[in-house]
Ligand SMILES: Nc1ncnc2c1ncn2[C@@H]1O[C@H](COP(=O)(O)OP(=O)(O)OP(=O)(O)O)[C@@H](O)[C@H]1O
Ligand SMILES: [Mg+2]
């Protein structure tokens, strides 16, 4: 079980309200990602759910029970932080066993859970090592192991991968996704990295200044962002947001078009401009195009290797079925 509901939950620190009334439903077994810029309230929200902070008003229920008076240790939730403090003088086995020892779990049961968690996390061969003899990714897996053995109703992850290098992050991302499939336990995962959000989530909650801007599956957010904030936040490179009138779209205040939905040509197109920076990634080429007559630089993502380079004239045509229109309040026009 791991169904979590927030009803009109608010949080203030002193006079400052950082979470305005917020409603959210997290289903049992769901992988939910909280994403948003620094300071938007992701960690605060997670800590409210964990019980590490008290809510100012509203209600949180876990599996239908009001959590208000349930202390963190009794909520059945396990939290994994960015800076996971492992005990340096203890073996991996002892580190993983620690919460079970504290809870007075029978030693045979401890061994069973350790064996199972180590297998799920590919740590079986490292159980007798100390944290100092492990890589960053392995250490992070030990921290997750320590959460798994508690057999929580839900896992709460606060940016658990941000201390790892890019390659390790991609590997760990997949391992956590696989772990979720294996355990089928509710996971709430906080990140400011929209790629992590897109690749891991069943459901993404986009936050800005404590407000929920949109909740949806990764592809719902990609295809139908509710406003210009979500449009600009989900997708990389960012969606181009162009003045509607300049783009000849007089019924829209802002026209949005993703870089991957613009075709390029040497000879003809809707817009033309001069290539500024060209980023050749091999798999894709990104162009940042100036002097288009539009106020904004246009970013284009072309598949594969495309030979335009800085200073070249380029013609661009947005795909008509992939245009996003927003009104003067930045809200999507259906
Ligand atoms: N204990 C506290 N006292 C006062 N203000 C706080 C406290 N904790 C957080 N805040 C404020 O609440 C807001 C949300 O902070 P929070 O840590 O939840 O953001 P975040 O989305 O996790 O950001 P980041 O991506 O940088 O970790 C921020 O403006 C922060 O300054
Ligand atoms: Mg945070």
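What follows draws every value from the coordinates through simple rules; no lab data is involved. Nothing here was measured: the structure is a model prediction, and the numbers come from that model. Neighbour counts run over all protein chains shown; Cβ positions are idealised from the backbone, glycine included.
A few remarks follow.
- Ordering of 303-312, 106-115 by packing is 106-115, 303-312, highest average first (other Cβ atoms within 10 Å, averaged per residue).
- Cα centroid separation, segment 1-78 to segment 212-261 (Å): 29
- Segment 237-326, relative contact order [Cα under 8 Å, separation at least 6], %: 36
- Two-site FRET efficiency, residue 74 against residue 319, from Cβ-Cβ distance with R₀ of 51 Å, rounded to 0.05: 0.45
- Base-10 log of normalised Debye intensity for segment 90-152 (one unit scatterer per alpha-carbon) at q = 0.24, 0.30 Å⁻¹: -0.94, -1.41
- Calculated FRET efficiency for the pair residue 209/residue 184, C-beta based, R₀ 25 Å, to 0.05: 0.15
- Label zone at residue 7 (point 7 Å along Cα-to-Cβ), backbone N below 17 Å, segment 36-69: 49, 55-69
- Sequence-separation-based contact order of segment 4-229, relative, with Cα cut under 8 Å and 6+ spacing, percent: 29
- Note that segment 1-57, at 10 °C in a medium of 1.306 mPa s, gets a Stokes-Einstein diffusion coefficient of 132 µm²/s from its Kirkwood radius over C-alpha pairs.
- Between helix 92-102 and the chain: long-axis angle, C-alpha atoms, 0 to 90°, nearest 10: 70
- All C-alpha to C-alpha distances of the chain, sorted into 20 Å bins beginning at zero, yield P(r) values of 27, 47, 23, 2 percent in whole numbers.
- The orientation-averaged projected area of the convex hull spanned by the Cα atoms of segment 237-326 comes to 5.2 nm².
- Most simply put, the chain has about 75% antiparallel DSSP beta bridges, counting only bridges with both residues inside it.
- The simple spin-label model puts a point 7 Å past each Cα toward its Cβ; for residue 89 and residue 27 those points are separated by 4.9 nm.
- Dividing the C-alpha radius of gyration of segment 95-240 by 2.2 N^0.38 Å, with N its residue count, gives 1.21.
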